[in-house]
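Chemist: Sharing a structure here in structure tokens format.
Every read-out reported here was derived from the displayed coordinates using simple, explicitly stated rules and does not represent laboratory data. Since the model is a prediction, treat every value here as computed from it, not as a measurement. Here the Cβ is made from the backbone with ideal geometry for all residues, glycine too, and neighbour counts use every protein chain on show.
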Amino acid sequence: MDRIEIPPLWLLLFLALAWGIGQWLPLPLFGVAGRWLGGALVAAGVALMGLAAAQMVLLRTTFIPRRDPSALVTGGIFRLSRNPIYLGDALVLTGAILWWDAPAALPLVPIFMALIQHRFIRGEEARLRAHFGDAFEAWAARTRRWL
């Protein structure tokens, strides 16, 4: 099950839920501004995910959940967030909700973030702590989990 339970599948599920909520309970609220802001958030989220994944690849460590890391990435985008890929996921979800003008789906964003934190981040942080000890603790003390 761990091999198929990956964050992008959760993101797709939440995107489908958000779209469905928007169809089921249409509340046109954001209009053209929502399209612009939503598009910008989706683009920022995808860019953030790409930058973070590229940094991890350059340092030859995994970005796949539940695998043991070979390096602790603390520079670049990881100075701002310990989880820039998951932050990118949350931005994509928020942006899609704004793009689809589905304000009733906005509560899905904190639910998604809580689920990701519970299902993935806690385990990843435990692995990082086990592999890198004090270096991880120092980084965690100066860098927030999300932003």
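Chemist: Which of I97, I111 comes first, and how do the rest follow, when ranked by fewest Cβ neighbours within 10 Å?
Modeler: I111, I97
Chemist: Could I ask something else about it? Residue farthest toward the positive end of the dipole of the stretch 1-68, with Cβ of Lys/Arg at +1 and Asp/Glu at -1: which of A47, V32, V57?
Modeler: Farthest towards the positive pole: V57.
Chemist: What full-extension length gain, to one decimal in nm, is calculated for W36 and T143 as 0.36 nm per residue of separation minus the Cα-Cα distance?
Modeler: 35.5 nm
Chemist: Okay, helix-only estimate at 222 nm for the chain: each DSSP H run of n ≥ 4 adds -39500 (n - 2.57), divide by all residues, round to 500 deg cm²/dmol; what do you get?
Modeler: That comes out to -21500 deg cm²/dmol.
Chemist: Follow-up question, since we're still on this one. Can you pull the Rg over Rh of the stretch 47-118, Cα-only, Kirkwood?
Modeler: Using Cα coordinates only, the ratio equals 1.04.
Chemist: Thinking of the chain as a set of Cα atoms, what percent of all their pairs are more than 19 Å apart?
Modeler: 54
Chemist: Shifting gears a bit: In nm, give the distance between the simple-model label positions of A53 and S70, each being 7 Å from the Cα along the Cα-to-Cβ direction.
Modeler: 1.9
Chemist: Test of the criteria: in the stretch 1-77, which chymotrypsin sites (Phe, Trp or Tyr not before Pro) are in a DSSP loop and have at most 16 other Cβ atoms within 10 angstrom of their Cβ?
Modeler: Hits after loop and neighbour filter: F63.
Chemist: Let me spell out the model: positive unit charges on the Cβ of Lys and Arg, negative unit charges on the Cβ of Asp and Glu, origin at the Cα centre of the stretch 34-139. What dipole size does that give, in debye rounded to 20?
Modeler: Around 160 debye, computed over the stretch 34-139.
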